[in-house]
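Everything on this sheet refers to the single structure shown next.
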Amino acid sequence: KSLIQGAIVPLGEQPRGNWYGSILKSLSKYYDFNFSTPWVKLEHKVKQVLLNGTGKEKFKMEYTSNRWEGTYSGGWEGAIPNLMRRYKQTKSQGIRQWIEQFMSMRPCSSCGGTRLRKETLSVSINGKNIGEVSSMPILTLSNFFNNLILTEMQKSIAEQILKEVQQRLSFLVNVGLSYLTLDRSATTLSGGEAQRIRLATQIGSQLMGVLYILDEPSIGLHPRDNNKLLKTLKALRDIGNSILVVEHDQETIEAADYVLDIGPGAGKYGGEITFSGKPKDLQKTENSLTAQYLTGKRKIKIPLKRRVGNKKALTIQGARGNNLKNIDVKFPLGTLISVTGVSGSGKSSLVNSTLYPLLAKELNRSRAYPLRYDSFEGSQFLDKIVDIDQKPIGRTPRSNPATYTGLFTFIRDLFSKLPEAKIRGYKPGRFSFNVKGGRCESCEGDGIIKIEMNFLPDVYVTCEICLGKRYNRETLEIKYKGKSIAEILDMPVSEALIFFESIPSIRKKLETLNDVGLSYIHL
């Protein structure tokens, strides 16, 4: 890209009729460069000036606006110093977030990421300071404390401390977290890892008479680590506690003392207790889907044939981020690829932190930063990359499956074409709860109103004007097959499929939701 195409993203397409545009025009005359020249062909000195500024050097600049024009002597701050200054000076969270997309995290050059002063780091035990100890994997750390070389006097002083340290480390090992380091940032932990750390903390507290509730703690766990988790849960039970686990995992169900099975289906087909009792008796229950899979009456079929793919592949050479050991990997395209291994073996480092940022950078032009690698090939075989994670699908309370999947666009178009809507002059925007006109202005299309309780958590109540329907009375008067747009949004996918059977564009979107097992969710 050239400057005129927006090669420096924070500055946008330049030159424009603004302050920066005027300065850059003067710069181009002074350093003799063209705005249409691709960035890669600009001289190194010009690139450095554009990014980092002219320093103390000043030159004549011309400025023209609607209010005045003239010349003055000055310098160019530089795109990077400009962002740094604005980031430090602004109090606007929106501007800070915008600038942060051009920033990346790096270890501090003074402390190396240990967060401590050199005086603190100069204190060591067996040649290791507290920063080095914190960066060890938990299993390695446990061995380190087991093999400490201490004098008799030091042993007597440290005996109780070492006992507590080893006990807490053993709790983390027992829940399958032996690969974590103590200095790992909490924001980088998966949901399952965070849950198991809380679990290990509770075991260490040795409380009794407590009810612990765990929501699918086995998610993402290798069978080896699943056994460790179950042993930990049983240990927590054995010291006098009750453990309530929401799970689909077969081993967890079979290890339970008592099972509650809810079903038989999802959404309006669920909500009943299909079984309660001992696990061995669950398999005898005929109307339980869980029982049918446990007995093998139903099962996920193993395909008889495997796809060979399209003979193209993505290849990463020398991947060595985190605990990856300089590996070469080939991902065959046109196939379903499973990346497996025990917890902490490097799956996420390879896929989420190396492969995805590489492709996002090349295909989506995102500012992603992959872990270390030598070379990468194969991106030319793909159009784009999509990362599907478990983050909330919407940024506002108004987001729902209909808006996220694009289905709502077709529904709004349908309502705008109804005879009554045409008579009233309603456009598709009238049926959006994000736009003024058709939405309820009392709740601004949320259907709920947030009441701030100062020092208490906020309380959400149903809007008294629209009663949670999000639209005003006039919009709700427009109906398709006797249903208003609010009533349609309240339909589950399975019901909406029948309702919109004659409209291919809407039915196709609904079938996609139905095919991924979401027939019960409301639009």
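The values are calculated or read from the model by the stated rules, or taken from the named source; none is laboratory data. This structure is a prediction, so every number in the text was calculated from the model and none was measured. For neighbour counting, all protein chains shown are included, and Cβ atoms are generated from backbone atoms with ideal geometry for every residue, glycine included. Surface areas here come from the heavy atoms of the whole protein model, side chains and all, with no ligands, DNA or RNA. Shrake-Rupley method; radii C 1.70, N 1.55, O 1.52, S 1.80 Å.
Scan the range 431-448 for residues that are open to solvent by 60 Å² or more (accessible area, probe 1.4 Å) and either closer than 18 Å to Lys417 by Cα or not small (Gly, Ala, Ser) (or both) and jot them down. Walk me through it before giving the result.
Here is the first cut: in the range 431-448, the residues open to solvent by 60 Å² or more (accessible area, probe 1.4 Å) are 434-436, 441-442, 444, 448.
Scanning the range 431-448 gives Asn434, Val435, Lys436, Glu441, Glu444, Ile448.
Please tell me if Ser345 is open to solvent by 50 Å² or more (accessible area, probe 1.4 Å), out of contact with any strand residue (DSSP E or B) (no Cβ under 6 Å at 6 or more places or on another chain) and in a loop (DSSP other than H, G, I, E, B).
Spelling it out, Ser345 is indeed open to solvent by 50 Å² or more (accessible area, probe 1.4 Å), out of contact with any strand residue (DSSP E or B) (no Cβ under 6 Å at 6 or more places or on another chain) and in a loop (DSSP other than H, G, I, E, B).
Scanning the range 449-468 for residues that are open to solvent by 80 Å² or more (accessible area, probe 1.4 Å) and out of contact with any strand residue (DSSP E or B) (no Cβ under 7 Å at 6 or more places or on another chain) yields Asn454, Phe455, Leu456, Pro457, Glu464, Ile465, Leu467.
When restricted to residues that are over 32 Å from the mean Cα position of the chain (by Cα) and open to solvent by less than 40 Å² (accessible area, probe 1.4 Å), the range 469-478 contains 4. When Tyr356 is tested against (1) in contact (Cβ under 8 Å) with a residue 24 or more places away in the chain; (2) of a type in the set (Ser, Thr, Tyr); (3) over 30 Å from Lys508 (Cα atoms); (4) open to solvent by 30 Å² or more (accessible area, probe 1.4 Å), just one condition goes unmet, and that condition is (3).
Comparison of Ser205, Ser218 shows that the only residue that is touching an Asp or Glu at 6+ places or on another chain (Cβ under 6 Å), without any contact (Cβ under 8 Å) to a residue 60 or more places away in the chain, closer than 30 Å to Val342 by Cβ and among the polar types (S, T, N, Q) is Ser218. State whether the residues of the range 400-415 include one that is without any contact (Cβ under 8 Å) to a residue 12 or more places away in the chain, within 30 Å of the chain's Cα centre (by Cα) and more than 16 Å from Leu523 (Cα to Cα). Scanning the range 400-415 turns up no residue that is without any contact (Cβ under 8 Å) to a residue 12 or more places away in the chain, within 30 Å of the chain's Cα centre (by Cα) and more than 16 Å from Leu523 (Cα to Cα). For the range 230-245, the condition holds for no residue, the condition being that it is out of contact with any strand residue (DSSP E or B) (no Cβ under 7 Å at 6 or more places or on another chain), open to solvent by less than 50 Å² (accessible area, probe 1.4 Å), at pLDDT below 80 and farther than 29 Å from Gly112 by Cβ.
Restricting attention to the range 24-65 and to residues that are more than 13 Å from Trp76 (Cβ to Cβ) and of a type in the set (A, V, I, L, M, F, W, C), the residue that is surrounded by the most Cβ atoms within 10 Å (Cβ to Cβ) turns out to be Leu42.
Residue by residue, here is whether (1) open to solvent by less than 70 Å² (accessible area, probe 1.4 Å); (2) touching a Lys or Arg at 6+ places or on another chain (Cβ under 9 Å) holds:
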site: Tyr480; (1), (2): yes, no
site: Ile485; (1), (2): yes, yes
site: Ser494; (1), (2): yes, yes
site: Leu497; (1), (2): yes, yes
site: Ile503; (1), (2): yes, no
site: Lys508; (1), (2): no, no
site: Glu511; (1), (2): no, no
site: Leu518; (1), (2): yes, no
site: His522; (1), (2): no, no
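Look at the range 152-167: where a residue is closer than 15 Å to Leu141 by Cβ and a partner is open to solvent by 100 Å² or more (accessible area, probe 1.4 Å), sitting 6+ places away or on another chain with Cβ atoms under 8 Å, you get Gln166/Asn146.
Please verify whether Pro332 is over 25 Å from the mean Cα position of the chain (by Cα), surrounded by 13 or more Cβ atoms within 10 Å (Cβ to Cβ), over 15 Å from Gln250 (Cβ atoms) and not charged (D, E, K, R), treating the condition exactly as stated.
In short, yes.
With the structure loaded, tell me whether Ser2 is at pLDDT 85 or above, open to solvent by less than 30 Å² (accessible area, probe 1.4 Å) and within 26 Å of Pro370 (Cα to Cα) or whether it fails that test. It is true that Ser2 is at pLDDT 85 or above, open to solvent by less than 30 Å² (accessible area, probe 1.4 Å) and within 26 Å of Pro370 (Cα to Cα).
Inspection of the range 413-424 finds no residue satisfying the criterion of being open to solvent by 90 Å² or more (accessible area, probe 1.4 Å) and of a type in the set (Asp, Glu).
Select, from Thr340, Thr295, Thr274, the only residue that is polar (S, T, N, Q) and surrounded by fewer than 12 Cβ atoms within 10 Å (Cβ to Cβ).
Numbers: Thr295 fails: surrounded by fewer than 12 Cβ atoms within 10 Å (Cβ to Cβ); Thr274 fails: surrounded by fewer than 12 Cβ atoms within 10 Å (Cβ to Cβ).
Matching residue, one of Thr340, Thr295, Thr274: Thr340.
Would you check if there is a residue in the range 79-101 being closer than 25 Å to Ala368 by Cβ, modelled with pLDDT of 90 or more and among the polar types (S, T, N, Q)? For the range 79-101, residues closer than 25 Å to Ala368 by Cβ, modelled with pLDDT of 90 or more and among the polar types (S, T, N, Q): present. Here the range 10-45 is the region considered, the condition is being at pLDDT below 90 and of a type in the set (A, V, I, L, M), and the residue that is farthest from the chain's Cα centre (by Cα) is Leu27.
Provide a single number: the residues in the range 447-479 that are assigned to a loop (DSSP other than H, G, I, E, B) and of a type outside the set (A, V, I, L, M). Break it down into steps so the answer makes sense when it comes.
Residues of the range 447-479 assigned to a loop (DSSP other than H, G, I, E, B): 447, 454-455, 463-470, 472, 477-479.
Filter once more, keeping what is of a type outside the set (A, V, I, L, M): 447, 454-455, 463-464, 466, 468-470, 472, 477, 479.
The number of residues fulfilling the criteria is 12.
Of the residues in the range 480-503, how many are more than 34 Å from the chain's Cα centre (by Cα) and in a loop (DSSP other than H, G, I, E, B)? Final tally of qualifying residues: 6.
Helices (runs of 4 or more DSSP H) wholly in the range 9-116 with at least 2 residues that are in contact with a strand residue (DSSP E or B) (Cβ under 7 Å, 6 or more places away or on another chain) - which ones? Before you say what the answer is, go through the steps one by one.
Working: elements: 19-31, 44-52, 79-89, 93-100.
Those helices (runs of 4 or more DSSP H) span 19-31.
Give Lys56, Lys25, Lys118, Lys45 a once-over and let me know the one that is charged (D, E, K, R) and closer than 19 Å to Lys1 by Cβ.
Selected residue: Lys25, the only one of Lys56, Lys25, Lys118, Lys45 that is charged (D, E, K, R) and closer than 19 Å to Lys1 by Cβ.
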